Amino acid sequence: MTQYWFKPKRYGYGATPVTREGWAVTIAFTIVIAISIVAMELLVRPADFAAWLIWAVLVAVAVLWFAGFSRRHTDGEWRWRWGGRSDTQTDEGQR
């Protein structure tokens, strides 16, 4: 039996962590991004456009990886939700 680490959000699009593993990977991802921001501020001159561009591309790839990872570990599909209690109702019926 597969245990999902995330559940679909009740409002909006995406998922939220619901297990220790989900929270751990979310916090670890946030820490890695924060450390990379501090490292870039301390180690790279603001005028070094190439270094900042490479960093931005790497962060974008990391965000895409994390979104895909959390999507694969979510119990249900990612779609826009309006806060209805039943996942079987359509969005039109929930308004």
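Being touching a Lys or Arg at 6+ places or on another chain (Cβ under 9 Å) and assigned to a loop (DSSP other than H, G, I, E, B) is the filter here; which residues of the stretch 3-20 pass it?
In the first step, residues of the stretch 3-20 are kept if they are touching a Lys or Arg at 6+ places or on another chain (Cβ under 9 Å); the result is 5-6, 8-18.
Residues satisfying the conditions are Trp5, Lys9, Arg10, Tyr13, Gly14, Val18.
How many residues does the stretch 14-25 hold that are free of Cβ contacts under 8 Å to residues at least 12 places away in the same chain and either at positive phi or touching a Ser or Thr at 6+ places or on another chain (Cβ under 8 Å) (or both)? Let's see the steps before the verdict.
Taking the stretch 14-25 as the starting set, the residues that turn out to be free of Cβ contacts under 8 Å to residues at least 12 places away in the same chain are 16, 20, 23-24.
Now restrict to residues that are either at positive phi or touching a Ser or Thr at 6+ places or on another chain (Cβ under 8 Å) (or both): none.
So the answer is 0.
Pick from Thr2, Thr26, Thr74, Thr16: which is surrounded by 10 or more Cβ atoms within 10 Å (Cβ to Cβ) and either more than 16 Å from the chain's Cα centre (by Cα) or at pLDDT 90 or above (or both)?
The conditions single out Thr26.
Give the residue, chosen from Glu21, Glu41, that is among the charged types (D, E, K, R) and touching a His at 6+ places or on another chain (Cβ under 9 Å).
Glu21
Just to be sure I understand the filter: pairs with C-beta atoms under 8 Å, separated by 6 or more residues or on different chains, first member in the stretch 47-70 and more than 18 Å from Ile35 (Cα to Cα), second member among the hydroxyl-bearing types (Ser, Thr, Tyr) and part of a helix (DSSP H, G or I). Which pairs pass?
Ser70/Thr26
Could you tell me which of the residues Ala47, Ala60, Ala56 is modelled with pLDDT of 90 or more, farther than 18 Å from Lys7 by Cα and more than 15 Å from the chain's Cα centre (by Cα)?
From the options Ala47, Ala60, Ala56, the qualifying one is Ala56.
The values are calculated or read from the model by the stated rules, or taken from the named source; none is laboratory data. These numbers come from a predicted model, not from an experiment. Methodologically, a virtual Cβ is constructed for each residue, glycine included, from the backbone with ideal geometry; neighbour enumeration extends over all protein chains shown.
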